[in-house]
Amino acid sequence: MTSDIDVDAITGHRRMRRNRKADWTRRLVRETRLTVDDLIWPIFLVHGSGITEPIEAMPGVNRMSVDRAVEGVRHAADLGIPAIATFPNVDMSLRDETGSHSLAADNLINEATRAFKRAVPEIGIITDVALDPFTSHGHDGILRDGEIVNDETVRQIARAAVIQADAGADIIAPSDMMDGRIGAIRQALDASGHQHVGIMAYATKFASSFYGPYREAIGTSGLLKGDKRTYYIDPSNATEALRDAGLDVEEGADMLMVKPGLPYLDICRALKDTYGLPTFAYQVSGEYSMIKAAAANGWIDGEKVMLETLLAFKRAGCDGILSYFAIEAAELIARGRG
Ligand code: PBG
C-alpha cells in the first residue's frame, strides 16, 4: 500500500524544498546572478548615414550606419552595458582575395571606433580582426591555391590590429583561429605603443552551423566557398579546445572566449577552471534566431528563455556574455525583471 511509504525515512529528513518554499528563501540562496555588467553588445555596421536596416534572419537586430550606431551605443552606455563589439558589412567593391581593406585606417570598423570614442568615451570597444568581412570569398584568412595560408594571414591580422588600436579600440578580438595570432598581435601592439590594448582570444571557436544568420548580416553567406573546418575546431573535440586555448594563454591573451555559447557550456566551465582568466561566451546569431523564432510562434516565452540562457553562461563559469540580446536583457534588468 502506498500509504505505508515513509518519505521521512527515505529522505532522512533532508528536504531540498525547505530552501525553495518562498520567494525570500529562493533569493537568499541564489548562487548566480545576471547583471548588466555581464553584457557585451555585438553590433552590425553598414556604410552611409541614417540607415537602420533589419536583418531578416535575426528579428530585432539591425545593421546600422555609424551615425545611427552612435545613438545605439549611447543607449547601451546609459543602460550600463560595459562594452560593445563591432562587425562590419563591407561594400562588395571593397572586398578582395586578400582582404586588403582590413588595413585601411578609415574602414568601417575604424570609422565607427573613432565615432564611438568621441561620442561615448565611457564604453569599451572590442573589435574583431578576422579578414572575413573584407575577403571576396568570405574566409577568415588569405586564400591561395584553395588553402587558407596561416602565417601571411597572421602578419596581416597583426597589422590590422595595430590600425584598430590606433583608431581607439580597447580590446582586439581575433576570431580567425590562425595559429600564432595571439602572440603576433601582442608583439605588434606592444611594438606600436599599445601596451594597454587587451586581447580577447576567440580561444575556442568551433566549426559550427550556428553562424548562419551572422553571415547574412555581414553579407558573406553567398560568398563562402567550402567551409571553415581547416581552421575552426571540430565540435566533437573538447581536449583539443582546451589545448588550443592554452596556447592563447601562453601567447598573452587577457581574456578567453568560447563560441558558440549554449551548446559549449562544458568548454566554458573547463576553460574557467583550467586557466582562471576572465572567460566569455559568445551567444551567436543562430542561438539568438532560434529563441526569437520559437517565441514568435508562441512556443516559448522568449524573455524568460533568453534570461535563462544568459544565466546559464554565468553558472557555467563565464564572466560575461556577448549577446544580441544585450540591450533587451539590460532593459529588463533595469526594470527589475532580470
Ligand atoms: C568570423 C566570424 C563569425 C562570427 C563572427 N565572426 C563566424 C563565421 O562567419 O564563420 C559569428 C557570429 C555569430 O554567428 O553571431 N570571423
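The values are calculated or read from the model by the stated rules, or taken from the named source; none is laboratory data. Keep in mind that this is a model prediction, so the values were computed, not measured. Positions of Cβ are backbone-derived with ideal geometry, glycine not excepted, and every protein chain shown enters the neighbour counts.
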Inside region 295-305, can you point out the residues that are of a type in the set (D, E, K, R) and either outside any helix (DSSP H, G or I) or in contact with a Pro (Cβ under 7 Å, 6 or more places away or on another chain) (or both)?
Asp301
Residues to consider are Thr98, Thr86, Thr113, Thr52; find the one that is at pLDDT 95 or above, buried (at least 18 other Cβ atoms within 10 Å of the Cβ), more than 21 Å from the chain's Cα centre (by Cα) and not aromatic (Phe, Trp, Tyr).
Thr98
Given (1) touching a Pro at 6+ places or on another chain (Cβ under 7 Å); (2) in a helix (DSSP H, G or I), where does Leu45 come up short, assuming only one miss?
(2)
Quick check: is even one residue across region 21-36 polar (S, T, N, Q) and in a loop (DSSP other than H, G, I, E, B)?
yes
Count of region 239-294 residues which are in a helix (DSSP H, G or I), within 16 Å of the ligand (Cβ to nearest atom) and aromatic (Phe, Trp, Tyr):
2
List the number of the failed condition for Ile84; all other conditions in (1) in contact (Cβ under 8 Å) with a residue 40 or more places away in the chain; (2) over 18 Å from Ile333 (Cα atoms); (3) in contact with a Pro (Cβ under 8 Å, 6 or more places away or on another chain) hold.
(2)
Members of region 308-337 found to be surrounded by 22 or more Cβ atoms within 10 Å (Cβ to Cβ) and part of a loop (DSSP other than H, G, I, E, B), listed by number
Ala316, Cys318, Tyr324, Phe325
Residue under question is Thr113, and the condition is that it be over 22 Å from Phe280 (Cα atoms) and among the β-branched types (Val, Ile, Thr); does it hold?
no
Check off (1) modelled with pLDDT of 95 or more; (2) touching a strand residue (DSSP E or B) at 6+ places or on another chain (Cβ under 9 Å); (3) within 16 Å of the ligand (Cβ to nearest atom) for Gly124 and give me the number that stays unchecked.
(3)
Flag for Arg155 being in contact with a Leu (Cβ under 9 Å, 6 or more places away or on another chain), basic (Lys, Arg) and surrounded by fewer than 20 Cβ atoms within 10 Å (Cβ to Cβ)
no
Over region 314-338, the set of residues closer than 23 Å to Lys272 by Cβ and among the basic types (Lys, Arg) is Lys314, Arg315
Among residues of region 189-223, those that are in a helix (DSSP H, G or I) and crowded, with 21+ Cβ neighbours inside 10 Å, counted
4
Within region 136-148, can you find the residues that are within 16 Å of the ligand (Cβ to nearest atom) and either without any contact (Cβ under 8 Å) to a residue 60 or more places away in the chain or in a loop (DSSP other than H, G, I, E, B) (or both)?
Ser136, His137, Gly138, His139, Asp140, Gly141, Ile142, Leu143
